[in-house]
Amino acid sequence: ECDWSSDVCSSDLCLLGFGCLPTMIVTSQSISRAADRVETVAGTGRDSVNGTEGSAETVNIGEPFGVEVGPDGGLYITEVKNHRIWRMDLASKKLAVVAGNGSRGYSGDGGLATDAQLNEPYEVRFDAEGNMYFVEMMNHLIRRVDRKTQRISTVAGAPEPGFAGDGGPARLARFRQPHSIALDGRDGLWIADIGNHRIRRIDLRSGMISTVIGNGEKALPKSGRAAAGQPILGPRALFVDGATLWIGLREGNSIWSMNLDSGILRRECGTGQAGYAGDGQDPLEARFNGPKGIAVDRKGRVLIVDTENQVIRAFDPRSKTLSTLAGSGKRGTGGTEVAGSDARNAEFDRPHGIGVGPDGKIYVGDTLNHRVRTIVSE
């Protein structure tokens, strides 16, 4: 069943009203490399509120989406179900809420972030000074928490959907269910304005906003051309690596890159059709099913959360190879988590966010299992 209120299914057929595509099981033919192992690092599998701090083994985290290791070394987790953001100390395994009071709403600007009301925080990022930015999908805006004062403010948008503001102050802009954000290290904050089928950029120096990719048309762009003026279909996930903006398209079932210097947009993986295929083959002929998270690891691989296929995939842009890194393709409560167990035996339940720590560990928000998990190299 599709739950439109919580971004639960995004395959092409579902979006057209025909229901979700069946999950594809990863077979030996689709595996192109030896995998690692998967472990739970936070969450109990329950989604009810049971406090604002505690150990990773006892704290409930309801529907974790975004996972990001901050400049302070902590793992930050957005909790969509209970409208909060957590910080986990990776050494002590202690968790504490750093934003959100647990109630749905929009309030608190100017005060402490822990006293504010949030509405489905999806993704979290940090600037060079350690200030925290995050996107609230159902409030249709982006907020910021000051590193020194821990006070919260709204950077862009308002708690009402729409499309407005290009060429003016970002604070007056309107978004429609923004999902992902990325900082480019060039005073730019990028926003996946998925409901408006656009990718927009805020100049953090001037505070002005503009659309860089997308014209509102629900169509795939042309590869190898300038992004300006082209359509974009369901931009869901963003990640900046050097001079490259990586883009995951949810409805578009494909992975794209844009050069930040030239503005040229290229299709890197996926045909645009929903399905599961392509490991070990031409990545341009691959199929994804509603990809919703993207990151680049220390090996230069583009990590893709292939949500409706219940797997994590890895694309190497140098060798142009695609493989399944973790997940059996079976939607389940976890699968095996024992020493030596292959990560491709793990079961996920609609994973969303992905992040990489300085030690190379990969973190995944295993959303409907209400756990944060890590992919560990043997």
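Pairwise Cα distances in region 268-378 exceed 22 Å in 25 percent of cases.
For n ≥ 4 DSSP H runs only, could you compute -39500 (n - 2.57) per run for the chain, divide by its residues and tell me the 222 nm figure to the nearest 500? Before the final figure, lay out each step's value.
On the way: 1 runs with 4 residues, N = 378.
Value at 222 nm, helices only: 0 deg cm²/dmol.
Centre-to-centre, using Cα atoms only, region 160-232 and region 83-112 are separated by 27 Å. Fully extending the segment from K299 to A91, taken as 0.36 nm per residue of separation minus the present Cα-Cα distance, adds 72.5 nm. For T333, the accessible area of its heavy atoms, probed at 1.4 Å with every protein chain present, is near 110 square angstrom.
Descending by average beta-carbon neighbour count within 10 Å, the peptides 251-262, 209-220 line up as 251-262, 209-220, the highest first.
The protection proxy used here, the mean number of other Cβ atoms lying within 10 Å of each residue, ranks peptides 280-286, 264-270 as follows, highest first: 264-270, 280-286. Model label points for A277 and T52, set 7 angstrom from Cα along the Cα-to-Cβ axis, are 5.2 nm apart.
The modelled label-to-label distance between A228 and D359, using points 7 Å beyond Cα along the C-beta direction, is 4.6 nm. The alpha carbon convex hull volume per residue for region 210-290 rounds to 89 Å³. Computed 3J(HN,Hα) for region 163-168, one whole-Hz value per residue from the Karplus formula 6.51 cos²θ - 1.76 cosθ + 1.60 where θ = phi - 60°, is 9, 6, x, 4, x, x, glycine and proline marked x. Available extension along the chain between D187 and L112 is 24.5 nm, counting 0.36 nm per residue and deducting the alpha carbon span. Computed about its Cα centre, the charge dipole of the chain is approximately 540 debye, with only Lys, Arg, Asp and Glu carrying charge at their Cβ. Placing a pseudo-label 7 Å from each Cα along the Cα-to-Cβ vector at E337 and S206 gives an inter-label distance of 4.8 nm.
The residues of the chain present an accessible area of 38 Å² per residue when probed at 1.4 Å with all protein chains retained. Pairs of lysine residues in the chain that meet both criteria, 8 or more places apart or on different chains and Cα atoms under 22 Å apart, total 14.
The dipole here belongs to region 262-378: it is taken about the Cα centre, uses +1 on the Cβ of Lys and Arg and -1 on the Cβ of Asp and Glu, and is about 260 debye.
Rg ratio for the chain: its Cα radius of gyration over 2.2 N^0.38 Å, N being its residue count, equals 0.90. Probe radius 1.4 Å, ligands and nucleic acids ignored: give me the carbon and sulfur share of the accessible area of the chain as a rounded percent. Of the solvent-accessible surface of the chain, carbon and sulfur hold 48 percent.
One quarter of the convex hull surface, Cα atoms only: what value does that give for region 49-170 in nm²? Walk me through the intermediate numbers first.
Details: hull surface 29.9 nm².
Over every viewing direction, the Cα hull of region 49-170 projects on average to 7.5 nm².
Projecting the Cα atoms of A91, S223, L75 onto the dipole axis of the chain, where Lys and Arg carry +1 and Asp and Glu carry -1 at the beta carbon, places S223 farthest toward the positive end.
The values are calculated or read from the model by the stated rules, or taken from the named source; none is laboratory data. Just so it is clear, the model here is predicted, and its values are computed rather than measured. Every residue, glycine among them, receives a Cβ derived from its backbone with ideal geometry; neighbour counts consider all protein chains shown. The area values use the complete protein model at the heavy-atom level, side chains included, leaving out ligands, DNA and RNA. Shrake-Rupley method; radii C 1.70, N 1.55, O 1.52, S 1.80 Å.
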